[in-house]
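Remarks on the structure that follows.
Computed from the coordinates by the stated procedures, all read-outs in this text should not be read as laboratory data. Just so we're clear, the structure is a prediction, and the values are computed from it rather than from any experiment. Backbone-built Cβ (ideal geometry, glycine too); neighbour counts: all protein chains shown.
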Amino acid sequence: MGKDTLKKIVLLSPAFILLVLLTGFASGIHLQVDTDHNGRINVLKYSKSGNLLFSAGKDGTVRVWDIKVKKLINLIRISYLPLKMIALNPVKKQVAVLETDDISIFRISLWNWESGKIIFSYKLQSRPLFLTFSSQGNFLVAGEPNWQSLVVLNAENGKEDEIARDIHGIVSFVTFSKNEKTMLIYQPSGKLLYWDIRTGETIKEISTFPNLSHIALSEDKRFFVAVYQESLVYIDLLSGIAVSRIESKGVVKTSISSGGSEVAGIVQQDGKTLVKRYLILNKSFYELGVSVQESENGISSLTYGGNDLFLGYKNGSIMLMLPDGSYNKFTGNRLAEISNLYVFKNRLYVITPEKIYIFNSDFFNKPLSNFEKNSFAMSLKILPNPLESPTGIILFSPDNLLLWRKGAAPGKVLSTDPEMTYIDDFLNFGSSLLSLETYKNLVISVQDTGQCLVNNMDTGKTEFTYFAPGMRKLIMLDTTKMIGIKSRIGTYETPLVLINPETGETVPIPDTSHYIYEAAYDSISGKLFTIGVEKIDGKSYTIVKAHDGKLFDRSHIMDKFKGEDLAASIAVNNKNDTVYSSLGYRSITSYRYGLKQVFETDTEIPRNLFISGDKVISLNRNSTITVRYAKTGAVLFTFYLFKDDNWVLLLKQRGMYPAGYYASADGDRLINAVSQGRILNNYTKYYKLKFKD
């Protein structure tokens with residue numbers, strides 16, 4: 001199975017954490033772990049003040065990077081929705097963002113990027129054509145594609161300003177004079193308009209090319225470069241004249257270097273994505289070269305940082321493009337892709353397609369009341385993943401775990417002991433597995449074809465076969481009852497069915513959900529908890545329900561989320577009748593005796609939930625792991641696992657001071673101590689918690 005890797009650390013007692021909080025090494029310091037975007041980077045922006053790079057993308061976060069040292073300064077969780085635009089306040093530590101589903105949600109918000117605190121938010125009616133600040137940062141401006149196009153917000157409080165109320169028609173570009181007395185507007189009709197903000201009158205109107213797109217403004221605001229038809233054009237902003245023009249087909253984004261001597265564009269041609277660069281000399285374009293063409297993990301965004309060209313990618317990485325068209329890595333995809341985790345007694349199993357990590361610590365099975373009085377050692381054992389794919393894990397007996405292959409490949413189940421000293425082949429399937437459950441000596445499987453099997457672990461024989469298109473999961477309640485969750489397709493037009501595994505008799509359970517995709521059964525209370533999608537007043541909602549009664553025909557809604565959240569999960573603690581869900585892309589919610597409690601939010605979005613005594617553990621959307629105190633919802637720590645086997649355990653910061661961190665031997669390089677938007681060199685050592693001898 002491979003060579004074990006063992007480490008021992010001491011987890012901090014809360015008394016020591018309190019000591020750190022009270023003494024604190026410096027005011028306003030926070031610890032930041034270098035992590036990359038979980039998916040496509042939609043936009044990059046450069047801030048000359050501080051030499052910082054801002055990135056935002058599909059994962060709903062804004063990340064702030066120190067360019068000089070290639071370190072992450074801050075990570076701001078904005079939304080579960082993609083971020084499509086950002087704008088930087090030129091005089092304050094503020095970033096404005098657009099979050100949108102490109103259907104019905106179009107929301108801009110303003111944040112302090114140093115503290116991560118929101119200042120205001122504002123709902124738009126449609127996706128804006130641009131988002132920008134005025135020169136002194138007093139106004140935030142967006143342009144909607146309608147007759148009353150300009151939305152001008154006071155950057156202090158988010159209230160609408162009336163300075164552009166008399167400007168009619170679509171506006172696709174705006175910039176301000178240095179003193180904010182004049183606003184320059186471009187309209188797709190081909191009009192450049194100089195507007196006096198104080199009087200509300202037109203100072204000057206100039207005609208230029210119509211329907212310009214992908215406009216990039218020079219730093220001195222004397223010209224902009226834009227796409228016209230299948231060309232790049234240089235527009236002089238004093239005359240409106242297109243001084244020069246060069247053919248460039250398929251340009252989708254542009255950026256101008258700080259000195260205005262170079263322009264670059266992302267070009268899409270024949271299924272390929274590439275970058276073209278042009279020298280601007282005497283107001284004319286000269287092609288400098290083309291990057292290596294890429295069809296996979298293509299370039300999705302770009303910006304100049306000074307005269308350096310940064311490229312954002314669909315896989316979340318950032319590269320620095322060199323003058324010869326080659327690349328230097330700025331930041332890559334560091335986090336390991338965790339497909340599952342599982343807690344059993346004092347072990348935490350973390351599984352990636354390549355490896356299995358077994359963390360062994362009394363922390364996982366001892367109450368926090370004991371943890372307050374003691375410190376615990378933790379060991380780590382690293383093994384290769386025998387399935388070499390995303391893998392599920394489930395307990396079969398105290399001495400037996402099952403590993404099962406997830407994803408599109410044909411299903412396979414392996415049997416192993418808790419320390420994984422042996423691996424036995426147990427079951428093989430002709431199609432992929434959607435779920436695997438256990439009950440006593442039985443293994444219950446559902447394949448994506450709708451084929452359902454109940455296999456006897458002792459005999460290796462199939463005891464029951466069932467076929468139901470749209471079935472997602474089967475849960476064995478006892479030897480005569482199974483509950484199935486599914487879509488409405490098939491013989492029974494209901495997402496819930498009760499099946500007798502001895503006779504095959506099926507009883508449909510009426511339910512209003514269009515389909516149910518997750519369920520958990522509490523064997524103590526006899527209740528079934530589900531997450532499904534249904535229509536309410538013509539709109540889709542994701543619903544958490546509790547079902548009870550002999551046939552589970554009584555149900556009530558515990559929670560709902562407007563829209564579809566198809567990755568939320570449920571966990572049941574049958575020792576205290578508490579149910580937890582990660583519905584809503586926000587945090588974890590607990591439900592007990594009709595009371596609902598929303599846990600404190602963290603920078604990451606919890607997805608899969610697990611109960612370990614008085615702790616709730618979440619596998620987050622970006623493959624980090626967060627541990628919370630189940631009673632209060634307080635975050636204890638966040639765990640980061642990296643592709644190179646390094647790891648960081650960051651204790652939750654309280655107040656102004658970080659409580660500290662643990663890290664693997666080479667994990668220190670991924671930790672940054674940050675104060676007022678600056679990396680404090682060699683400062684993280686004061687917060688590192690030492691290994692046990």
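Could you state the per residue volume, in Å³, of the convex hull enclosing the Cα atoms of the stretch 42-167?
Convex hull of Cα atoms, per residue: 95 Å³.
With a Förster radius of 51 Å, plug the Cβ-Cβ distance of residue 252 and residue 441 into 1/(1 + (r/R0)^6) and report the FRET value to the nearest 0.05.
It comes out at approximately 0.30.
In bins 10 Å wide, starting from 0, what share of all Cα pairs of the chain does each bin hold, as a percent?
Over the chain, the share of Cα pairs per 10 Å bin runs 3, 13, 21, 22, 18, 13, 7, 2, 0 percent.
Provide the gained length on full extension for the span residue 239 to residue 500, in nm with one decimal, where the gain is 0.36 nm per separating residue minus the Cα-Cα distance.
85.8 nm
Of the options 587, 665, 636, report the single residue whose Cα projects farthest towards the positive end of the charge dipole of the stretch 531-668 (beta-carbon charges: Lys, Arg +1; Asp, Glu -1).
587
Can you give the Rg/Rh ratio of the stretch 227-296, where Rg is from the C-alpha atoms and Rh is the Kirkwood radius?
Across the stretch 227-296, the Cα-based Rg/Rh ratio is 0.99.
For the stretch 159-264, what is the charge dipole size about the Cα centre, in debye to the nearest 20, if Lys and Arg each add +1 at the Cβ and Asp and Glu each add -1 at the Cβ?
Dipole of the stretch 159-264, to the nearest 20 debye: 100 debye.
For the stretch 251-402, just list the percent of Cα-Cα distances falling in each 10 Å bin from zero outward, please.
Whole-percent P(r) values from 0 Å outward: 10, 27, 17, 14, 15, 13, 4, 1.
Using alpha-carbon pairs under 8 Å, 6+ residues apart, how would you state the relative contact order of the chain in percent?
Over the chain, the number comes to 10 percent.
Which value results when the Cα radius of gyration for the stretch 551-693 is divided by 2.2 N^0.38 Å?
Here the answer is 1.23, to two decimals.
Please report the projected area of the stretch 577-640's Cα convex hull averaged over all directions, in nm².
3.9 nm²
If you filter the stretch 446-554 for trypsin sites (Lys or Arg not before Pro), then keep DSSP loop positions with at most 11 other Cβ within 10 Å, what is left?
Sparse-neighbourhood loop trypsin sites (Lys or Arg not before Pro): 461, 550.
Quick one: angle between helix 14-23 and the longest Cα principal axis of the chain, in degrees between 0 and 90, rounded to 10, please.
20 degrees
Label residue 279 and residue 389 with points 7 Å out from Cα along Cα→Cβ: what is the distance between them in nm?
Result: 5.4 nm between the two label points.
From the C-alpha coordinates alone, can you work out the Kirkwood hydrodynamic radius of the stretch 419-554, in Å?
Its Kirkwood hydrodynamic radius stands at 15.7 Å.
I'd like to know how the stretch 474-542 sits against the 2.2 N^0.38 Å rule of thumb: what's its Cα Rg over that expected value?
1.16
Based only on Cα atoms, what Rg/Rh ratio does the stretch 197-320 have, Rh being taken as Kirkwood's radius?
Result: Rg/Rh = 1.02.
For the stretch 158-267, take the alpha-carbon Rg, divide it by the Kirkwood Rh, and send me Rg/Rh.
With Rh from the inverse mean 1/r over Cα pairs, Rg/Rh is 0.98.
Quote the charge dipole size of the chain about the Cα centre in Debye, to the nearest 20; the model charges only the Cβ of Lys and Arg (+1) and of Asp and Glu (-1).
Computed about the Cα centre, the dipole is about 1460 debye.
Can you give me the three principal axis dimensions of the stretch 149-202 from its C-alpha atoms, in Å, biggest first?
Largest to smallest, the principal-axis extents are 33, 21, 17 Å.
Report, in listed order, any pair from 550/615; 58/191; 58/92; 117/366; 366/545; 355/481 with a Cα-Cα distance greater than 27 Å.
Among 550/615; 58/191; 58/92; 117/366; 366/545; 355/481, the Cα-Cα distance tops 27 Å for 550/615; 58/191; 117/366; 366/545; 355/481.
For the stretch 89-156, what are Rg and Dmax over the alpha carbons, in angstrom?
11.9, 37
Report the local net charge at residue 494: Lys and Arg +1, Asp and Glu -1, summed over other residues whose C-beta lies under 14 Å from its C-beta.
In short, 0.
Want the number for residue 324 to residue 213: 0.36 nm per residue separation, take away the alpha-carbon distance, what's left?
Working it through step by step, the gained length comes to 37.2 nm.
Using only Cα atoms, what is the ratio of the radius of gyration of the stretch 484-634 to 2.2 N^0.38 Å?
That works out to 1.06 for the stretch 484-634.
With charges set only on the Cβ (+1 for Lys and Arg, -1 for Asp and Glu), what does the dipole of the stretch 228-362 come to about its Cα centre, in debye to the nearest 20?
Taking the Cα centre of the stretch 228-362 as origin, the dipole is about 320 debye.
Principal axes first, then extents: for the Cα atoms of the stretch 531-609, list largest minus smallest coordinate on each axis, whole Å, largest first.
Reported extents, whole Å, longest axis first: 41, 38, 19.
What is the fewest-to-most order of 514, 30, 556 by other Cβ atoms lying within 10 Å of their Cβ?
The fewest-first ordering by Cβ neighbours comes to 556, 514, 30.
Under a crude label model (7 Å from the Cα following the beta-carbon direction), how far is residue 512 from residue 690 in nanometres?
Going from the residue 512 label point to the residue 690 one covers 6.2 nm.
Per q in 0.19, 0.23, 0.27 Å⁻¹, report the Debye log10 I(q)/I(0) for the stretch 607-689, using one uniform scatterer on each alpha carbon and no solvent.
-0.93, -1.17, -1.30
So if the hydrodynamic radius of the stretch 285-352 is defined as the Kirkwood radius over C-alpha pairs, what does Stokes-Einstein give as its diffusion coefficient at 20 °C and 1.002 mPa s, in µm² per second?
Reported coefficient: 145 µm²/s.
Under the 0.36 nm per residue contour assumption, what length would be gained going from the current alpha-carbon distance of residue 138 and residue 417 to full extension?
Between residue 138 and residue 417, full extension yields 94.1 nm more.
At a temperature of 25 °C and a viscosity of 0.890 mPa s, determine how fast the stretch 394-433 diffuses translationally according to Stokes-Einstein, using the Kirkwood radius over alpha-carbon pairs as Rh; express D in µm²/s, rounded to the nearest whole number.
My calculation gives 235 µm²/s for D.
Using the Cα atoms as the points, what is the convex hull volume per residue of the stretch 430-510 in Å³?
Dividing the Cα hull volume of the stretch 430-510 by its residues yields 78 Å³.
Using the beta-carbon distance between residue 462 and residue 681 and R0 = 45 Å, what value does 1/(1 + (r/R0)^6) give for FRET efficiency, to the nearest 0.05?
For residue 462 and residue 681, the calculated efficiency is 0.10.
Hey, what did the stretch 431-529 get for relative contact order, percent, Cα under 8 Å, at least 6 apart?
17 percent.
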